[in-house]
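A.B. asks: Before I ask anything, here is the structure I am working with.
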């Protein structure tokens, strides 16, 4: 009869699984804290039709996205350079459709969500990272 208390099954259940779970939790928290200072602008197409190329400009940074299908979204992650600004959108149409609004800082964990609706209606929502709210008091 084998009475070794460190059998492989016991070792996996009592030591390795909790250790692996703890390491995964620590890695997840580390990634969350590191990325909490990154600001992003997300644009959703809820217009009911595909959109032509879309240009997003924020905090002195700009990016051009190809055509955007209905119910798709694009995400622009901001570098930490630049200063706070409103977001500007421009569609490559004739005449060009332009919109500006919302507010975002290049660092600090802002997430500005822009939803495009039919007839040029635009809805924005700004969220701050939980780490900024907890530790910076914003």
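A.B. asks: Any chance you could give the angle, 0 to 90 degrees and rounded to 10, that helix 17-35 forms with the longest Cα principal axis of the chain?
C.D. replies: Approximately 20 degrees, to the nearest ten.
A.B. asks: Next question, about the same structure. Based on a Kirkwood Rh over C-alpha pairs, give the Stokes-Einstein translational diffusion coefficient of the chain at 25 °C and viscosity 0.890 mPa s in µm²/s.
C.D. replies: My calculation gives 138 µm²/s for D.
A.B. asks: Also: Go ahead and collect, in residue order, the members of segment 60-94 whose backbone nitrogen is under 18 Å from a label point 7 Å along the Cα-Cβ direction of residue 115.
C.D. replies: Under 18 Å, as judged by backbone N against the label point of residue 115, lie 69-75 of segment 60-94.
A.B. asks: Hey, another quick one. Could you bin all the Cα-Cα distances of segment 30-95 into 5 Å bins starting at 0 and give me the percent of pairs in each, rounded to whole numbers?
C.D. replies: Once binned at 5 Å, the Cα pair distances of segment 30-95 give 4, 15, 25, 20, 16, 11, 6, 2, 1, 0.
A.B. asks: Right, another one. Could you work out the relative contact order of segment 39-135, using alpha carbon pairs under 8 angstrom and six or more residues apart, expressed as a whole percent?
C.D. replies: 31 percent
A.B. asks: Then there's this: For the chain, modelled as a GNM with alpha-carbon contacts under 10 angstrom, which of 34, 56, 15 fluctuates the most?
C.D. replies: Top of the fluctuation ranking is 15.
A.B. asks: Taking the Cα centre of each part, how many Å lie between segment 107-131 and segment 62-81?
C.D. replies: Here the answer is 13 Å between Cα centres.
A.B. asks: Rounded to the nearest 500, what is the 222 nm mean residue ellipticity of the chain from helices alone, with -39500 (n - 2.57) per DSSP H run of 4+ residues and division by all residues?
C.D. replies: -6000 deg cm²/dmol
Since every read-out is calculated from the coordinates, none of them should be taken as a lab result. Worth saying up front: this structure is predicted, and the values here are computed from it rather than measured. All Cβ positions, even for glycine, are placed from backbone atoms using ideal geometry, and neighbour counts span all protein chains on display.
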